[in-house]
Every structure is written in C-alpha cells, then in structure tokens.
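Rule-based calculations on the coordinates, nothing more; no lab input. As the structure is a prediction and not an experimental result, all values here were calculated from the model. A quick note on method: Cβ atoms are made from the backbone with ideal geometry, for glycine too, and the neighbour counts reach across all protein chains shown.
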Amino acid sequence: AAVGEGGEALPTIFVVTPTYARPVQKAELVRLSQTLLHVPSLHWLVVEDSAAPTPLVGGLLASSGLSYTHLYAPTPPEKRRKPGDPPWLRARGVEQRNRALRWLRETRRPGESGVVYFADDDNTYSLRLFQEMRSTRGVSVWPVGLVGGLRFERPLVEGGRVVGFHTAWKPERPFPLDMAGFAVGLPLLLAHPGARFDPEAERGYLESSLLGGLVTPAQLEPKADNCTQVLVWHTRTEKPRA
Amino acid sequence: MPKRRDILAIVLIVLPWTLLITVWHQSTIAPLLAVHKDDGGDSRRDLAAGLDSKEYCLSDRDIVEVVRTEYVYTRPPPWSDTLPTIHVITPTYSRPVQKAELTRLANTLLHVPNLHWILVEDSQRRTPLITRLLRDTGLNYTHLNVETPRNYKLRGDMRDPRIPRGTMQRNLALRWLRETFNKNNSQPGIVYFADDDNTYSLELFEEMRSTRKVSVWPVAFVGGLRYESPKVNAAGKVYGWKTVFDPHRPFAIDMAGFAVNLRLILQRSQACFKLRGVKGGYQESSLLRELVTLNDLEPKAANCTKILVWHTRTEKP
C-alpha cells in the first residue's frame, strides 16, 4: 500500500468509483480526483461500465497523480437503463462495484489493513471525511447531505452506538443509508468472501444487500461526531443542454 | 549533586522536544506530509517525470495499476516569490448545495500555488457558514459581501431579475482589488471569475498565469453546445467565436473562459460589469469591451484546442 514518506503506514483507503460515459463524465472525474489527491494513502479503484478500458478514463487517471487501478465491467444489456427509464428502476453501478470487490479479494493479503469506500463520481466529499473513515474496523457510518429528500440523512446515535436512522425515504430498509454514508474495513470484507452487492436488489436496497452480510445495525461505528456532522453531500450534476 | 545550571540546561533541552512531539502528535493534518514536503513549487510539475511508479499488467488484460509512493502535497502549496498571484473571484449565494459547491471548489483551489480566493456572498452580512468554511480550508482568502437588491414587487424573496446574478458581487471584488493594490508598484496578478458550480482543471490555472492583458480559452457545456471556443487563426490571433448562441456578441465568451491581468484592472479603474440593461450572454462583453480589443486577446489551451474548464451545473436536490 502507498505510504507517506516517514514510514508510518496509514491504512489505505480504497475508493471505489463506478463510472460511465456521458458528457459530464470527464468533468466529474477531474474534480473528484482533485479532492482525492489531498488524501494520503489512498488508492482509487475506477471501474468503467464498458467492455474495455477507454482512453479518456485511462489518460485522466495517468495524469491525475493518484495511485489507482483502472478496471472495467459492462452492465449486462438486459439490465442496462435505457434513456427514458424512470430513475427508480434498478440500481446502477452494481457490476462495477462488485468488480472492485473481486479485485480486492484477488490482490489483497488476508488481514491487510485498509478501508473500502464507495464514492460515486458526482458526489461531493470533504477532506475531513477521509480522516474520519480511516479508523474503521467493521463498518463505519456518518450523515449524508442532500439525500433521501431531506437536507441530510443520518444514523441516530445514543451512547456511542447506532440506535436508529433519520431518513424519509423507505425507512423500512434494513440499512437506510446511502452508498456514500458508510465504509467497510478491508479485513471484514476479506473475511466474508461472499459479501457483494445484489444485482437483483430494488433501488435503495443495494447498500443493505452488502451490509446485511457483514454486520448488524447495532454494530455500526458512528463517525463525524456521533453522526452530527455532514462531511459528504449527494450532489447530482445537470445534463448539459446540448 | 547536580548544579542548578545543569538542571536548567537539561530542562531547556528537553522541554522544546517535549513540546514539539506533543504538538506534532496532535496535529490533525498528517504531520508526515508537512515535514517531508521538500522543495516546494516544482514538486507537482515533476510528477510526470521522476516519480517512483510501478506499472504492471495483471492476468486480466488491460488492467492498469499504478502505485505512487511519493509524498502528498501540503495544502495549500508554499507561496512562491516568482509566480504571479491568481485572484479567483467567486460570487456565491445561499442555497442547499452551497456548502457542497464551495467545499469541492476549495479542494481544487488548494492545489494551486499563489492563489488568492475572493469569495463574495450575496447577503446582507458575511455569514457564519462561509466564515467557518473559508477559515477551515487553509486557503489565502478575502471574504466580502454585498446584497443584490430584492424586488419586492415579485414573490417575496426574489432578487431584482434585471441584475444578472453575481454582477454586484464581481464588481465589489474588482473594487476591492482597486482599493487594495496600487497600480504603480503592485505584485503581478491575474484576475479570474470562477463561479462556484463549474469544474476547473489544475492546468487551467497554469495557462492563465502568463496572461499579459486578457487571455481566453474554450469552455465546455455553454451556449447550448458541447463547448464554446474562440476561433484562432494561423497567426495565433482570435478572429471570431465558435458558438451558436449569438456569435455576433463582441465577446461571445463565458465568464469562465477568460482571465485579466491585474494591471489592466487597475489601469482601467472604471471598467466593471454593467448592472442593468444587459441582454443574456452580454455580461462578459460589458466588461471586456472596456479592457481590450479582439486583437489583443491571448489564446491559451494550445491555441484554444483543449478543454480545461467545464460549465457544470448542479441539480436542485
């Protein structure tokens, strides 16, 4: 794992970003890479929704200055969202995130320290978020701004433990969290070789399909001042009128 | 029996080291980075050249993995005595995505050497949210505010629609520059208007640093096109505009598509963005026509063939 000079090995944060071609793709990846470039001991796993790696993403990664692995995994045609499909249809990025999980399982040593974070290319991440997640042992959680029809969605914490969730959208979900609202310790992931995102999961249940195989809600580790600080925002970028 | 001066000597030696280790240990910014960042300015440029990177192909074809083992940059980069300062003027207004936009813009600006961020709130007074945000970034900044007058004849909270958003704020920043810097002996500087929702490559800032009067470049996602761009002839001069939206504007260019040398701002001390009576798309022209002619424009980004800035817009949540 990459380390800062000085020898102290910070656990590597593996940032998993699925991405797909559309006009704003390059802009999104450029500004995300600029945020990630500030974070020490970070390895970016970029997984294209494509049949082969593209020069656009390859070139961008090569000049980003980051440590990275460039992967690809095409979404099967029958599962692909067609233009005009309502957004509540099947979740996106499943095959790509699972591809990253496969890479981790094939290349990381058992017991290797690290944290895995699923960072979509259009969200906004503060630098402090990465500091908070670095100490993840099992699964850590924190609030996410601008999601679920609320100003923010967040776990409810009492006595340092998660006791519930503040959310307005499908609160009956086992883990009513956004993809950007949790991180998983690498050892935990490697210890559960079957844990993955369910391609058949209904939208909103993707996170639960992974986390359910790893922890119970009571075992979640609250970060960001007992889940009172918003350090990540679920921003979405408009389609350019062209 | 140790003498008093021996004890004093030991204390004077041990105490500073104790303090140093305590402070170092508590520092929230990983101390490794600050200490081990060596000779400043050229570090980032050397990145492509001499870094220690391993590339190897795994069993799946076409997987590229690059592991870099060099240090991570201090935030922001150390100030250089030789680089012109880039004064980035960003008007901003309160709405749900504001903090997110400013956070990610700050993350970009933190990579740029000799950058001075002039953030101008559209508000009655400087807000605690923005005050805290600016302070926490570590950037070199100036925090201003001016409120665009509201039009009470319309629904409650509407600003005067005849004044394009951001105009008064940009003009205030220009006024601040003119009050702060003396046109005779000011440090070299470049002025750039960067709205808080666009996306800027780091290369863009280095391109604009050599601006003598006004430099220009393409901008993606404006004017109803994939990109808008100045048209550059074989002599390297701008002769027109590649755009579909009103190409006969004097300067058919987006706010993000040009930068102005600070000297020119100080010399033409009355030049500013026109407040009222400005048709859509003519804001930029209202300033630029008081500063330069077409012939004076300096094309950047490989004679305006590369996209280094994108006019992204964020959805309302």
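Order these peptides, A:40-46, A:125-131, by their mean beta-carbon neighbour count within 10 angstrom, highest first. Display every interim value, and only then the final one.
Working: A:40-46: 23.9, A:125-131: 21.6.
Result, highest mean Cβ count within 10 Å first: A:40-46, A:125-131.
Under a plain spin-label model, where a point goes 7 Å from the Cα along Cα-to-Cβ, how far apart in nm are B:GLU290 and A:ALA21?
4.6
Filter B:LYS231/B:LYS274; A:LYS79/B:LYS99; A:LYS79/A:LYS239; A:LYS239/B:LYS274 down to the pairs with a C-alpha to C-alpha distance above 27 Å, please.
From the list (B:LYS231/B:LYS274; A:LYS79/B:LYS99; A:LYS79/A:LYS239; A:LYS239/B:LYS274), the Cα-Cα distance tops 27 Å for A:LYS79/B:LYS99; A:LYS239/B:LYS274.
With the Cα gyration tensor of segment A:165-242 in hand, give its eigenvalues times 5 under a square root as the equivalent ellipsoid semi-axes, listed largest first in whole angstrom.
Values: eigenvalues 110, 65, 39 Å².
Over the Cα atoms of segment A:165-242, the semi-axes work out to 23, 18, 14 Å.
Considering only DSSP states other than H, G, I, E and B, which trypsin sites (Lys or Arg not before Pro) in segment B:250-293 qualify as loop sites with at most 13 other Cβ atoms within 10 Å?
Working: sites: B:ARG263, B:ARG268, B:LYS274, B:ARG276, B:LYS279, B:ARG289; in loops: B:ARG268, B:LYS274, B:ARG276, B:LYS279, B:ARG289.
Here the trypsin sites (Lys or Arg not before Pro) that fit, given the DSSP loop and packing criteria, are B:ARG276, B:LYS279.
To the nearest 0.05, how large is the calculated FRET efficiency for A:ASP225 and B:THR180 if R₀ is 35 Å and r is the Cβ-Cβ distance? Walk me through the numbers on the way to the answer.
Numbers: r = 38 Å, r/R0 = 1.08.
Approximately 0.40, to the nearest 0.05.
Just to confirm the filter: which chymotrypsin sites (Phe, Trp or Tyr not before Pro) across segment B:78-142 are DSSP coil and have at most 16 other Cβ within 10 angstrom of their Cβ?
On the way: sites: B:TRP79, B:TYR93, B:TRP117, B:TYR141; in loops: B:TRP79, B:TYR93.
Passing sites in segment B:78-142 are B:TRP79, B:TYR93.
What residues have an amide H closer than 5 Å to that of A:VAL162, excluding those fewer than 5 places away on the same chain, when H is modeled at 1.01 Å from N in the peptide plane?
Counting only residues 5 or more places away or on other chains, the set is A:LEU220.
What does the highest-first list of B:127-139, A:67-79 look like by mean Cβ count within 10 Å? List each step's numbers first, then the result.
On the way: B:127-139: 15.1, A:67-79: 17.3.
The peptides rank, most packed first, as A:67-79, B:127-139.
Once you wrap a convex hull around the alpha carbon atoms of chain A, what is its projected area averaged over all directions, in nm²? Each step should come with its number before you reach the end.
Details: hull surface 53.4 nm².
Its Cα hull, projected and averaged over all orientations, spans 13.3 nm².
Using a Debye calculation, one point per C-alpha and no hydration shell, please list log10 I(q)/I(0) for the protein assembly as shown at q = 0.05, 0.12, 0.13 Å⁻¹ in order.
Listed by q, the Debye log ratios stand at -0.23, -1.26, -1.43.
Under the Karplus relation 6.51 cos²θ - 1.76 cosθ + 1.60, θ = phi - 60°, what is the ordered set of whole-Hz ³J(HN,Hα) values for segment A:71-80, x standing for Gly and Pro?
Values, residue by residue: 10, 8, 7, x, 6, x, x, 6, 9, 5 Hz.
Would you tell me the mean number of C-beta atoms belonging to other protein chains that fall within 10 Å of each C-beta in A:29-35, as a whole number?
Numbers: counts 1, 9, 10, 3, 3, 11, 6.
Across the residues of A:29-35, the mean count of other-chain Cβ atoms within 10 Å is 6.
Rounded to the nearest 0.05, what FRET efficiency do A:GLU200 and B:VAL67 have when you use their Cβ-Cβ distance and R0 = 45 Å?
Numbers: r = 35 Å, r/R0 = 0.78.
Efficiency for this residue pair is about 0.80.
Count the DSSP beta bridges whose two residues both fall in the protein assembly as shown, then state the antiparallel fraction as a percent rounded to the nearest 5.
Numbers: 39 of 82 bridges.
Given both bridge residues lie in the protein assembly as shown, the antiparallel proportion sits at roughly 50 percent.
Applying 1/(1 + (r/R0)^6) with R0 = 60 Å to the Cβ-Cβ distance of A:LYS239 and B:LEU15, what FRET efficiency is obtained, to the nearest 0.05? Walk me through the intermediate numbers first.
On the way: r = 61 Å, r/R0 = 1.02.
In this case the efficiency is close to 0.45.
Restricted to Cα positions, what overall size does segment B:87-190 have along the principal axes? Three whole-Å values, descending.
Reported extents, whole Å, longest axis first: 47, 33, 19.
Nothing charged except the Cβ atoms of Lys and Arg (+1) and of Asp and Glu (-1): what's the magnitude of the dipole of the protein assembly as shown about its Cα centre? Round to the nearest 20 debye. Don't skip to the end; give the middle numbers.
Working: 74 positive and 59 negative charges, 353 e Å.
It works out to roughly 1700 debye.
Calculate the mean, over all residues of peptide B:308-316, of how many other protein chain Cβ atoms lie within 10 angstrom of the residue's Cβ. Before the final figure, lay out the partial values.
Working: counts 1, 2, 9, 2, 9, 6, 8, 7, 3.
Per residue, the average neighbour count from other chains is 5.
Could you list, bin by bin from short to long, the percent of Cα-Cα pairs of segment A:199-242 in 5 Å steps?
Computed distribution, short to long bins: 5, 14, 14, 16, 23, 13, 8, 4, 3, 1.
Using a 10 Å cut-off around each Cβ of peptide B:108-120, what is the average number of partner chain Cβ atoms that fall inside? Could you put the intermediate results ahead of the total?
Working: counts 6, 1, 5, 4, 0, 0, 0, 0, 0, 0, 0, 0, 0.
The mean count of partner-chain Cβ atoms within 10 Å per residue comes to 1.
Taking 0.36 nm per residue of separation and subtracting the Cα-Cα distance, what length does fully extending B:TRP79 through B:SER123 add?
Working: separation 44, 0.36 × 44 = 15.84 nm, distance 3.11 nm.
Here the answer is 12.7 nm.
Which Cα, out of A:TRP142, B:PRO188, A:GLN131, lies furthest along the positive dipole direction of the protein assembly as shown (beta carbon charges, K/R +1, D/E -1)?
B:PRO188
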